[in-house]
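These notes concern the structure reproduced below.
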Amino acid sequence: MKISKIIIALFVFQCIILNNITAQSSNPDFMQSIGKIYVVVAVIVTVFLGIIIYLFSLQKKIKQLEDQIKD
Amino acid sequence: MKENWWKIIGIVLMLFALIFGILTPLKPGLPSVFPFNGKAGNPLTVDIQGYNTHFDEAKEQRVWLKLGDYTLGSSKLEATSSNLLRATFLTPAMLPSKDSVVVFSLVTDNEIDGASVMPSAIFVKQSVIDSAGAAQVWPQNSLDNLHQQAGIMFPYRNVLGETIRNLYYHVSLWFAMFIILAVSIFYSIRYLNKGNMLDDHRSNALVSVGVLFGLLGCATGSIWAKHTWGTWWTTDVKLNMTAIFMLIYLAYFVLRGSFQDEIKRARLASVYNIFAFASIIPLLFVIPRLVDSLHPGNGGNPGFGGEDLDNTMRIAFYPAIIGMTLIGLWIADLRYRLAVLADKVLDRI
Amino acid sequence: MQVLTEIIFLLKKELLLEWRQKYAIGGILLYVISTVFIVYISTGEIRPPVWNILFWIIVLFASVNAVVKSFVQENSQRQLYYYQLAHPIAIILSKMLYNIGLLFMLTVLSYLAMTLVYESPIKRVGLFWLTIFLGSVGFSITFTFVSAIASKADNSSTLMAILTFPIVIPILGTLMMLSANALGLIQDTAYVKDIYTLIAIDGILLGLAIILFPFLWRD
């Protein structure tokens, strides 16, 4: 429950960071460097985080069910 | 372990796509040339930027300006580093074209990197237009003794660069989404036929994973588009299609949420699922006539077919699709089992 | 044959009911006119491309509002009565036929209202009328079927809009292409292909509706 929130926060955070990195004037070419390889990194991280978030939401549902069984 | 074999296959395929897709190097390419314009008759010196090239180590470096069958070799070459090459061309005063500004492609070739082409690289202006006279001055050469690059490599495309690898992590998501949604349609049909509640649970779980993949596809596509096309979202056909898909399936969840009665919910959701999916299929034929697309294969863009999706890319692309689909099915299976358990618990209470 | 007589019977009944509660259809007509008037007040002069878009948007919203009532506003007792009386295919087909007529009338009315306040930008009259007709057929098939789904829920009119809009996009896109042709905005010789596409979409949706409706009707 708490962890899933943290993960969502991380996900949002990552998007903001990506946005900032590209917008920063001091280092504007970070995403463009080495043949834009960091774009690939960002894509893989996004997919990974997305699936993890989904799994956490699933875990939450399982937890609710377990609580119901206990009662 | 017996029922887990397909999950293991999924993981192995995905891992393979990840490792092979990341570790395979890109073919040498030419990202940029500076200056990219010049005047006919004057000597033209350009700095050629290379990517993954070995200009300084190569012994037989050659560079040409190319327009159709006409080619002009460089008169002087100087490699400052492995990725930087300075070439000088002595262009004749007349160019083999009737236009005042002529666009040449740039071709480089050496024995280490093989041949690379940069299309529409250099704009040359001519003051005297005499294409017939130019045809005699300009050498015709179809450049057939070029070197072939050996080894397993992904093709280099100018705007894409390394992001061509996203084919395995972004495009495969879409394919997986389509397959998963199609399977959910199958279960919807089966539910309507047999009336077994389990089929509806399966269908629902699959739709939810399909939507997850769709949203992830949007997010990753957005990131990719930002750094290649320059915007997060365009009015592109495939993007709009995705938006429509997401709208339909979010409506599907709203529809499910608005019924208390289980059987009624299952029946209506199944009917809507089938109807909506079938009504969206014509979009594939309708939309290409409405607007141009930035995506490969539309509006003059190179398609990920034929030359662009070469055999090396297929080696990672197809496993990525299958792996992604299997992982999606696995998650959907977990979700389904959870729903069935919840049903049983509710029954007991 | 049985189905055909049932369809005719149900159509007659539908018309009779409509005649008895004239305020319902009057409300729809008023809806169209006031929408057109609001658009007119807020835009002033408009160019043909904008005319095209506004026209179809008005028709889309008016159609959704007109069709919602075909299943949603019928009480359950009357539905039970139908259920005992007629074959489900006859019910859906009669509703669709009735709605085709209603929507066609509605579209023509929107067009008339639009020409009243703006100059009519239509260049190819025959193509435009064909487009209007095909449009009302497509809208009627989709909306009638979805309203049958939405009628089972409590918040049906919201649900109706959410469920139909994404589905109707292929039809709407083709209609706009065709009517842009009729307005002379684009010179496209391949519009016949669009007409076939539209007919094919209508056919697919009609077939699906006929197959799926009996499942909806079983309560």
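The values are calculated or read from the model by the stated rules, or taken from the named source; none is laboratory data. Bear in mind that the values here come from a model prediction, so they are computed numbers and not experimental data. Positions of Cβ are backbone-derived with ideal geometry, glycine not excepted, and every protein chain shown enters the neighbour counts.
Within segment B:57-91, being part of a loop (DSSP other than H, G, I, E, B), buried (at least 18 other Cβ atoms within 10 Å of the Cβ) and over 35 Å from the mean Cα position of the chain (by Cα) holds for one residue alone: B:Thr91. Take B:Leu198 and tell me if it is more than 9 Å from chain C (Cβ to nearest Cβ) and over 30 Å from C:Ala190 (Cα atoms). It is true that B:Leu198 is more than 9 Å from chain C (Cβ to nearest Cβ) and over 30 Å from C:Ala190 (Cα atoms). Tell me the helices (runs of 4 or more DSSP H) entirely within segment B:260-349 that contain at least 3 residues that are among the aromatic types (Phe, Trp, Tyr), over 24 Å from C:Ile149 (Cβ atoms) and at pLDDT 85 or above. Correct list: B:311-348. For segment B:250-260, a residue qualifies if it is at the interface with another protein chain (Cβ under 9 Å from one of its Cβ atoms) and either within 25 Å of the chain's Cα centre (by Cα) or not small (Gly, Ala, Ser) (or both), and the qualifying residues are B:Leu250, B:Tyr252, B:Val254, B:Leu255, B:Phe259. Taking B:Thr53, is it in contact with a strand residue (DSSP E or B) (Cβ under 7 Å, 6 or more places away or on another chain), under 26 Å from B:Arg165 (Cβ atoms) and among the polar types (S, T, N, Q)? So B:Thr53 fails the test. Condition first: part of a helix (DSSP H, G or I) and of a type in the set (S, T, N, Q). Can you find one or more residues in segment B:141-154 that meet it? Checked segment B:141-154: no residue is part of a helix (DSSP H, G or I) and of a type in the set (S, T, N, Q). The one condition from (1) surrounded by fewer than 17 Cβ atoms within 10 Å (Cβ to Cβ); (2) out of contact with any strand residue (DSSP E or B) (no Cβ under 6 Å at 6 or more places or on another chain); (3) under 29 Å from B:Gly21 (Cβ atoms) that B:Gly133 does not meet is (3).
From the residues in segment C:168-200 that are in contact with a Phe, Trp or Tyr (Cβ under 9 Å, 6 or more places away or on another chain) and either within 9 Å of chain B (Cβ to nearest Cβ) or closer than 18 Å to C:Ala66 by Cα (or both), which one is surrounded by the fewest Cβ atoms within 10 Å (Cβ to Cβ)?
C:Ala200
Applying the criterion of being touching a His at 6+ places or on another chain (Cβ under 9 Å) and assigned to a strand (DSSP E or B) to the residues of segment B:92-126, the residue that is farthest from B:Gly38 (Cα to Cα) is B:Gly114. Being closer than 17 Å to B:Ile22 by Cβ and of a type outside the set (Val, Ile, Thr) is the filter here, so list the residues in segment B:167-187 that pass it. Those that are closer than 17 Å to B:Ile22 by Cβ and of a type outside the set (Val, Ile, Thr): B:Leu167, B:Tyr168, B:Tyr169, B:His170, B:Ser172, B:Leu173. Taken over segment C:151-167, the residue count meeting the criterion of being without any contact (Cβ under 8 Å) to a residue 12 or more places away in the chain, of a type outside the set (A, V, I, L, M, F, W, C) and facing chain B (nearest Cβ under 7 Å) is 3. Consider B:Tyr168 carefully, then state whether it is surrounded by 23 or more Cβ atoms within 10 Å (Cβ to Cβ), part of a helix (DSSP H, G or I), more than 14 Å from chain A (Cβ to nearest Cβ) and in contact with a helix residue (DSSP H, G or I) (Cβ under 9 Å, 6 or more places away or on another chain). So B:Tyr168 fails the test. Note on segment C:94-146: residues that are in a loop (DSSP other than H, G, I, E, B) and either among the aliphatic types (A, V, I, L, M) or within 14 Å of C:Val59 (Cα to Cα) (or both) total 1.
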